[in-house]
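The values are calculated or read from the model by the stated rules, or taken from the named source; none is laboratory data. These numbers were taken from a predicted model, which means no experiment stands behind them. Every residue, glycine among them, receives a Cβ derived from its backbone with ideal geometry; neighbour counts consider all protein chains shown.
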Amino acid sequence: MPKVTLEQWRMFQSVVEHGGFSQAAQAVHKSQSSINHAVHKLQESLGVDLLEVRGRKAELTDAGRILLSRAGGLLNEAEALEGVASSLAVGREAALTIAVDVIFDYDCLFNAIERFAEEFPHTRLEVRETVLSGAEELLLQQEADFILSARVPQGFVGEPVSVVRFLPVAHPDHPLHRLGRPVARKDLKGSRQIVLRDSASRNRQDSGWLGSDQRVTVTNVQTSIELIERGLGFAWLPETRIRESLSADRLLPLPTEEAWKRNVTVYLVYSDSDKSGPAAHFLIDVLRSGLYMPE
């Protein structure tokens, strides 16, 4: 059993922070005698002097300085633990797992995470980034509280929350941009295509046009973007993830027919909306507020 209590450490910290016993008593709304007693018992139990009183001011000893640093961490951990307990007592989730398709607008996601962290500091958030049917698989395996995905698993209800436009793009100096005419399918067939692999471990699926004789398959959308920026191929990429590359002229949409640009709807799908707590609902509301869904 510990020889000392958190309250004794807290009183010791207050004396140091406020420069003396009298000042600490006023700050924490306790009698000076109770603070004197707590610090005296602390020193007695530890067998070391923590403070030296000089006049009306209490100053740290070398041992006190070392132990105060450790005590600060201990008190912070205790406060954090109490915060978690308070959150759980009012029904706030201890942890939340969401699966997000990589085509989703990451600016919106990051802003939502920032606000979530401020509102629910004691709820652990895990964001699983997925491709194609990866989010669907996590939902079916009950490994996600909700998903943001272009696919809605059978037996679930999806709420459309945004539409993502896919553009066929390549580096501005890529041969496909030098044809002097609209790009045809035969041109793409003879060019290297960068393909994003389904992140599901079972029942992987393909999506979009995959007619190129040359392919490089990757598992991360950022890898795909960087390969194309190096002139190593072309791909259909979500506009949500390449805005900066387009504005910086590192990527350029291929001159194709308008029909080659495709729109994909992103759906919000709950694992079980009735069991979702306040943290999940808050995060979803923030995500919704940052998205545009055409009528």
Condition met for Arg115 (surrounded by 16 or more Cβ atoms within 10 Å (Cβ to Cβ) and assigned by TED's automatic domain parsing to the domain that holds Val163): yes
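Let me confirm something: among Pro238, Pro253, Pro278, which residue is surrounded by fewer than 18 Cβ atoms within 10 Å (Cβ to Cβ) and in contact with a strand residue (DSSP E or B) (Cβ under 6 Å, 6 or more places away or on another chain)?
Pro253
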Residues of the stretch 167-200 satisfying the condition of being over 13 Å from Ser224 (Cα atoms) and not in a loop (DSSP other than H, G, I, E, B): Leu167, Pro175, Leu176, His177, Arg178, Arg185, Lys186, Asp187, Leu188, Lys189
Residue in the stretch 69-97 that is modelled with the lowest pLDDT, counting only those that are under 15 Å from Phe146 (Cα atoms) and touching a helix residue (DSSP H, G or I) at 6+ places or on another chain (Cβ under 7 Å): Glu93
Conditions (1) of a type outside the set (A, V, I, L, M); (2) surrounded by 16 or more Cβ atoms within 10 Å (Cβ to Cβ); (3) at pLDDT 90 or above; number of the one not met by Gln222: (2)
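Looking at Arg243, Arg215, Arg250, can you tell me which residue is at pLDDT 80 or above and either part of a helix (DSSP H, G or I) or β-branched (Val, Ile, Thr) (or both)?
None of the other options fit; the residue is Arg243.
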Given (1) of a type in the set (Val, Ile, Thr); (2) without any contact (Cβ under 8 Å) to a residue 24 or more places away in the chain; (3) under 25 Å from Phe146 (Cα atoms), index of the condition Thr223 fails: (3)
Scope the stretch 16-38; condition under 12 Å from Ala71 (Cβ atoms) and surrounded by 16 or more Cβ atoms within 10 Å (Cβ to Cβ); matching residues: Val16
